[in-house]
Amino acid sequence: MDKALLARVEKQAWFHRYPRGWPLLLFLLVAAGTLLSVMAIERAEAERRQIELDRNVTELASGLQRRASENIAILRAGAALFTANDRVSPEAFEEIAKGLYSDNDYHGSMGIAWARWTPADDFARFEKAVQDVVDPAYHVKPGVQPGRGVYVPIVYVEPKTDANRAAVGFDMYSEPVRREAMNLAAALGQPVASGLVHLVQDRGAPEAKGFLIYMPVFAGQGAERRVRGFVYSPFRAREFLGSAVELVRDRGVEIAIYDGMRRPDRLLAARLIDGDNAVSLDRRIVVANRPWIVSVSFKRARTLSALSRATLVFGAVLGVLVMFIARLITKRSAEDRIVLEWFSDQSAIRNSLTRELNHRVKNTLANVLSIVALTRRRSVDLDDFAESLTGRIRALSATHDLLSQSDWTDAPVAEIVRSELAPYMGEKDGHIDMAGPAINLAPNDAMSLGLAIHELATNAAKYGALSTSEGRVYIEWRLIAPDVAELHWREAGGPPVIAPKKRGFGRDLLEKIVAHELGSKVDLRFDPEGVECTLQVPVRKLTSFALRSTR
């Protein structure tokens, strides 16, 4: 195979060690990126909400102050009426109220009212004058109280709703929170909002909360200046908040207004929304010289934002898709690697087979060349040379056939002997006697043993026991060690044997070529009773028949 291709495959071996891990790792990376994106989106959303919350609280504070300013302007107009006139009739007050509140828009208040500053020594005369001019049933509530120096009862109120009528005659100076606001307004000469109070109009609703804005009215000038009374407006805190929200864009936030400080007992009004507060922002404002705290809160979303949900879905789909594609790629790559490794193994086997075949062909050719050379030197004529050479090559071919049947793994000793002695083993002739255990030999050793048996059989057929009908050949083999087998050839019944005076080809073949190939000495004896030959053959395990290493 291409060495560059093999080198590249080898470098990519790390990629194939974790065929399931890499897709999972890619999925986790996509998931981590998706989570980071969602976190960034949610963080940006929180920052956007913070900015929007600041805008909301600014708009709401502006709306509250605008509503308060509108009512203060009306109170100033009403105060101007009482300043300019020593006496204001109920009809005049009603007329000025209708003019101030066009289209019955009270700007979050319950209307406008007039409360007279009344010293204790003038209490009876004041109450009698109101009864004579305004309402015979008029009475100051809760009435005369010992030790009191000043009373500030309500005289006029517009519009004349049932709730407002219930407030007529109420002495506001009898209540500490109202008294504090009126004293401050008189001292400053400016409108002042009271703290949290329960309005007289809401006696039937004990949980209702409200406040008032007082505008002082003075009589006299300079040192003779004195408080004459107060033009004021009562407010239900919830309705006042609702009127202020109408002036701004409602973004569905939670709103709370506190009197002076952010405490539950100082809560004036609130608009609540279900859920937990995610982010809140407080803003301090001043309404009619009274500090308020405006708190605006966004509710924590029960789910992620739409963009975050879309990002999660997209990330999940992308992660699964990337993991699936990565799995296909790694699987295909692993399969390609297996194929390449198989081709590489086949190439290595083919190279090894080529080297093995080359080695065996060289050995065979070397044996053939030796046989040809020795046969030529020992032959008397061309026919003798051809006959001897043909027989010996056939011996090699017979052993080759045995090895081919076993895919060149091994060959049994019995089959080697039988194939070489087949021409002399007739059905009725008992010239051959074979005995021995089942022993398998390696290819090279089997070929050498076959060549030795052929030479012994050829010599016996020409000059020895196989040349007569009475002759016999006894062949026995046995294991003399776990890795060594011994074969004994003995002839009997043939012509008397005379030891040759010169060395022939068969003897050289046995004692040189075969002995060298088997790695052991061949004992060849020419006894008068018959030729005997003893040789040892190595017995190798199948693993030792493996192809030669490529290194």
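The values are calculated or read from the model by the stated rules, or taken from the named source; none is laboratory data. Fair warning: this is a prediction, and the values are worked out from it, not measured in the lab. Here the Cβ positions follow ideal geometry from the backbone for every residue, glycine too, while neighbour counts run over all protein chains shown.
Worth pointing out:
- Reported count of residues in region 266-295, each being surrounded by fewer than 21 Cβ atoms within 10 Å (Cβ to Cβ), in contact (Cβ under 8 Å) with a residue 40 or more places away in the chain and not in a strand (DSSP E or B), is 2.
Here is a yes/no grid of residues against (1) out of contact with any His (no Cβ under 7 Å at 6 or more places or on another chain); (2) closer than 25 Å to residue 401 by Cα; (3) small (Gly, Ala, Ser); (4) without any contact (Cβ under 8 Å) to a residue 12 or more places away in the chain:
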| position | (1), (2), (3), (4) |
| --- | --- |
| 444 | yes, yes, no, no |
| 453 | yes, yes, no, no |
| 460 | yes, yes, yes, no |
| 467 | yes, no, yes, no |
| 470 | yes, no, no, no |
| 482 | yes, no, no, no |
| 485 | yes, yes, yes, no |
| 493 | yes, no, yes, no |
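- Whether a residue is within 14 Å of residue 532 (Cα to Cα) and modelled with pLDDT of 90 or more was assessed, and residue 437 does not pass this test.
- Considering residues of region 215-259 that are β-branched (Val, Ile, Thr) and assigned to a strand (DSSP E or B) only, the residue modelled with the lowest pLDDT: 255
- Top-ranked residue of region 495-519 - restricted to ones that are small (Gly, Ala, Ser) and free of Cβ contacts under 8 Å to residues at least 24 places away in the same chain, ranked as farthest from residue 480 (Cα to Cα): 515
- Residue match in region 171-182 (condition: under 16 Å from residue 68 (Cβ atoms), assigned to a helix (DSSP H, G or I) and either modelled with pLDDT of 90 or more or out of contact with any helix residue (DSSP H, G or I) (no Cβ under 9 Å at 6 or more places or on another chain) (or both)): yes
- Which listed residue is of a type outside the set (Asp, Glu), in contact with a strand residue (DSSP E or B) (Cβ under 7 Å, 6 or more places away or on another chain) and over 14 Å from residue 441 (Cβ atoms), from 524, 518: 524
- Residue that is modelled with the lowest pLDDT, among those in region 400-417 that are in a helix (DSSP H, G or I) and over 21 Å from residue 475 (Cα atoms): 403
- Hey, residue 85 without any contact (Cβ under 8 Å) to a residue 12 or more places away in the chain and either assigned by TED's automatic domain parsing to the domain that holds residue 298 or aliphatic (A, V, I, L, M) (or both) or not: yes
- Meets criteria (surrounded by fewer than 19 Cβ atoms within 10 Å (Cβ to Cβ) and at pLDDT 90 or above) for residue 76: yes
- Among the candidates 124, 97, 137, 120, the residue that is modelled with pLDDT of 90 or more, surrounded by 14 or more Cβ atoms within 10 Å (Cβ to Cβ) and more than 60 Å from the chain's Cα centre (by Cα) is uniquely 120.
- Filter pass, residue 155 being buried (at least 20 other Cβ atoms within 10 Å of the Cβ) and either outside the structural domain of residue 94 (by TED's automatic domain parsing) or in contact with a Lys or Arg (Cβ under 8 Å, 6 or more places away or on another chain) (or both): yes
- Being part of a helix (DSSP H, G or I), of a type in the set (Phe, Trp, Tyr) and surrounded by fewer than 16 Cβ atoms within 10 Å (Cβ to Cβ) is a description that applies to residue 314.
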